[in-house]
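Only the coordinates and a few stated rules stand behind these numbers; no lab work does. Since we're looking at a predicted model, the values are computed, not measured. Counting neighbours? That spans all protein chains shown, and the Cβs are built from the backbone with ideal geometry, glycine included.
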Number of protein chains: 2
Amino acid sequence: MPLPRTWVRDADGSPYDVDNLPYGVVSTRGTGGDAARVGVRIGDRVLDLGAAARELRPEWTPLLTAPELNPLLAAGPARWAEVRAWVRTLLTDVAHASKLRLLGLDEVTCHLPVRVGDYVDFYASEHHATNIGRILRPDGAALAPNWKHLPVGYHGRAGSIVVSGTGVRRPTGQRKAPEADAPTFGPSTRLDIEAELGFVVGRSVPWGERVAVSDFERTVFGVAGINDWSARDIQAWEYVPLGPHLGKSFATTMSAWVTPLAALAVARVPVPGQDVALVEYLREDEPQGYDITVEVELNGTVVARAPYRSMYWSPAQMLAHLTVNGASLRAGDLYASGTISGPEPDQLGSLMELSAGGTRPFTAGGAQRTFLADGDEVVLHYSAPGARGRIGLGEVRGTILPAR
Amino acid sequence: MPLPRTWVRDADGSPYDVDNLPYGVVSTRGTGGDAARVGVRIGDRVLDLGAAARELRPEWTPLLTAPELNPLLAAGPARWAEVRAWVRTLLTDVAHASKLRLLGLDEVTCHLPVRVGDYVDFYASEHHATNIGRILRPDGAALAPNWKHLPVGYHGRAGSIVVSGTGVRRPTGQRKAPEADAPTFGPSTRLDIEAELGFVVGRSVPWGERVAVSDFERTVFGVAGINDWSARDIQAWEYVPLGPHLGKSFATTMSAWVTPLAALAVARVPVPGQDVALVEYLREDEPQGYDITVEVELNGTVVARAPYRSMYWSPAQMLAHLTVNGASLRAGDLYASGTISGPEPDQLGSLMELSAGGTRPFTAGGAQRTFLADGDEVVLHYSAPGARGRIGLGEVRGTILPAR
């Protein structure tokens, strides 16, 4: 059966073809602007889904005219499938063309797509956890004894999540050199990125229930790119014994586009292999990850290509762990993978790793670099195999502003 | 000047007199119930503030008829003072009596008073941190090197916060005995309480700004009781290196009543003394805490009286720390003190401490006890000195339900 073709000019065969169709929240630029509502990216354009619903599917306007994806998320997996099928029909049957409003990407402002309830950040890359463990705890085991028995994670600050393109102010805080008697205070001198993949929870799950690994696809709506900015100096001083706090809570950037899991069916791959017997709730017949690549671009130079397929824990296992104690889920909760690092030196998703803790500068744009300088621009580009070429999962962009 | 007297029967001179006036969110019990709205506790009654606003102050109905305190919080400190002054007038001038609706406490259902954005849990008691450090890390220093330089804290799960009276299901999870090769899975066997004081943020503060210690009283609306239930076995296995997660995220109980800071003016006391030079943003002319006592009642027996006045870090310092890196605040954010423990053996705010890590049972209701059993009821009673006797700050009640 031939794959469907879209009537949208230049979109057919692009990374944002009708096999992809990520959701975002947009408003039109210009005098006064208009109300933010749901849009779907197709090629270099955005289908105004809020307007389409008003015109063609009034019963779906509460889901598609909100300034956030949360009502659509909360509608559940059956509705997600219906909306996606409808959007594909709209964009492949040219009879609909005259009734729809397509906006240029340069005509819209993209807003944070999801009002995030709770944000949990995992630590699911064995390569990353090993690299960081060696740098931060050179005298101890790189991985803590629990690491292969459960997906280690912690709660991050939901209120600091911002949309791609937002400038990131260098945080100020305490740090202490190992040999110093007392901490000093000032702008972070070891500001870093963490290239991660985020999972947007759709279905609410009541307090006291659990989500089995097999419930992953009916609970998670889709994925987003995440840059979990990290101030390594602040983090190193504060994190014992209760974990990272101010070293992370100043900013987390999320892509403007949320790609539904339905678009990633051909990107599913087994995780590399789990070599420890797991307790029952984490057992998955064949734990599945995604063959998603994150290109890490610093001031225009790609400095790493981080392979999500190399992650140790599957997203279904992270979700099962998150809820095994009875914690509830809300539509709009977000959990992220932790930094994506592969086994090779050009597959590392943080500058901490790319520069060996700041001791071995790497080259970017002709300059020798370790941590982030003011004015640096970081762009994470996410892509995955699709039915006919690679699909785009949006980007996560941020420029470092000087400390206040 | 004589203190004002209320016309509400039996309220004058009670712990919920017109000097107190905590806010909650209530609905009326009975056929169908009605919409949740803001109420104020006076004696053993609740003033229906939503109804009063509709009748007497229609411009305030958006603040007082919502099913959460968030609109009132977001209105800011000038409005908080106006609303409080109005409520005092209503309750002291008998001319208003016929226009107001008073409900019996037994006629209403109390709802979670605040939709919590982010929840940060600190670790501000030197006695508690020392006791726990000795139990969990017997071979290391009880306090980490950072402890006296910054208020250590981490993010908890906002979506698991429930109102006083909600049953708490025993969580299930992984634990590992020190001598075991591998973890086991099952219901927690070391289920504990943490008696804490919570601070409800009123004013939103944009991303990138800081809140100075001197901004505390115009930023925080009031206090609430918090029981940060903790599964010590799950926590001990999971918490290295990223801090507590599932050992805490299953449930946190909040009092139904939020006491405005304005009611606690006479309860302010200096903190016991800080013996380390602090970096500038944490310096407070005289760090102030609150003389609030938490009675910890287990199955009807008071097993501890934890003194908030013994806490090392002031709430203004915690707030300044929370935002020094530019993290934003939203109306409805919550931060808690961490377990309140004093220097004496009957002033400990967790069973972990009361039972020396489960090794030295204590007596409650004639029984020898360590951690929580199914069916146990824990009630935390909060009180503070007021202008004419002690004022009540509500209670935090929870009964342990067996694991699923």
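Brief remarks on what is shown
- Exposure proxy ranking for A:GLU280, B:GLU194, B:GLU344, based on other Cβ atoms within 10 angstrom of each Cβ and starting from the fewest, stands as A:GLU280, B:GLU344, B:GLU194.
- With bins 10 Å wide beginning at 0, the percent of Cα pairs of the range B:23-111 falling in each bin runs 18, 53, 27, 2.
- Amide H partners (placed H, <5 Å) of A:TRP229, local residues excluded: A:GLU194, A:THR253
- Percent antiparallel among DSSP beta bridges (both partners in the protein assembly as shown, rounded to 5): 90
- Label point 7 Å beyond Cα along the C-beta direction, distances from B:SER14 to other copies (nm, shortest first): 6.7
- Whole-Hz ³J(HN,Hα) from phi, Karplus 6.51 cos²θ - 1.76 cosθ + 1.60, for the range B:388-404, glycine and proline x: 8, x, 6, 9, x, 10, x, 9, 10, 10, x, 10, 7, 9, x, 4, 5
- Ascending distances from the B:ARG137 label point to its copies in the other chains, with the point 7 Å along the Cα-to-beta-carbon line: 1.1 nm.
- The range A:119-401 - percent relative contact order, Cα under 8 Å, separation 6 or more: 27
- Other protein chain C-beta atoms within 10 Å of residue C-beta, averaged over B:103-112: 0.
- Number of partner chain Cβ atoms within 10 Å, mean per residue of B:153-164: 6
- Coarse-grained scattering of the range A:119-401 at q = 0.10, 0.11, 0.12, 0.13 Å⁻¹, given as base-10 log I(q)/I(0) from a Debye sum over alpha-carbon atoms: -0.49, -0.60, -0.72, -0.85
- Couplings 3J(HN,Hα) for the range B:307-313, derived from phi with the Karplus relation 6.51 cos²θ - 1.76 cosθ + 1.60 (θ = phi - 60°), are x, 4, 5, 8, 5, 6, 8 Hz, where x marks Gly and Pro.
- Three-way shape label, the range B:257-404, alpha-carbon gyration tensor, a/c 1.5: prolate
- Across peptide B:226-239, the average count of Cβ atoms from other chains found within 10 Å of a residue's Cβ is 2.
- Which of A:LEU348, A:VAL220, A:PRO244, positive extreme of dipole for the protein assembly as shown (C-beta unit charges): A:VAL220
- Cβ crowding within 10 Å, taken as a proxy for footprinting-reagent exposure, orders B:SER214, A:SER383, A:SER164, B:SER337 from fewest neighbours to most as B:SER214, A:SER383, A:SER164, B:SER337.
- Residues whose placed amide H lies under 5 Å from that of B:GLY43, excluding near-sequence neighbours: B:TYR16, B:ASP17
- Each copy carries a label point for B:ASP34 at 7 Å from Cα along the beta-carbon vector; from one copy to the others these points are 4.2 nm apart, nearest first.
- For the rotational copy pair B/A, the chain B residue whose Cβ lies nearest the symmetry axis, together with its distance in Å, is B:GLY243, 1.
- Percent of alpha-carbon pairs separated by more than 40 Å within the protein assembly as shown: 36
- With the charge dipole of the range A:23-111 set up from +1 on Lys and Arg Cβ and -1 on Asp and Glu Cβ about the Cα centre, the Cα lying farthest toward the positive end among the listed residues A:HIS111, A:THR65, A:VAL83 is that of A:VAL83.
- Counting every other Cβ atom within 10 Å of each residue's Cβ, A:VAL303, B:VAL26 order from fewest to most as A:VAL303, B:VAL26.
- Packing around the peptides B:256-262, A:352-358, B:369-375, taken as the average count of other Cβ atoms within 10 Å per residue, puts them in this order, highest first: B:256-262, A:352-358, B:369-375.
- Listed residues B:GLY247, B:GLY273, B:GLY165, most fluctuating in chain B (Gaussian network, C-alpha, under 10 Å): B:GLY273
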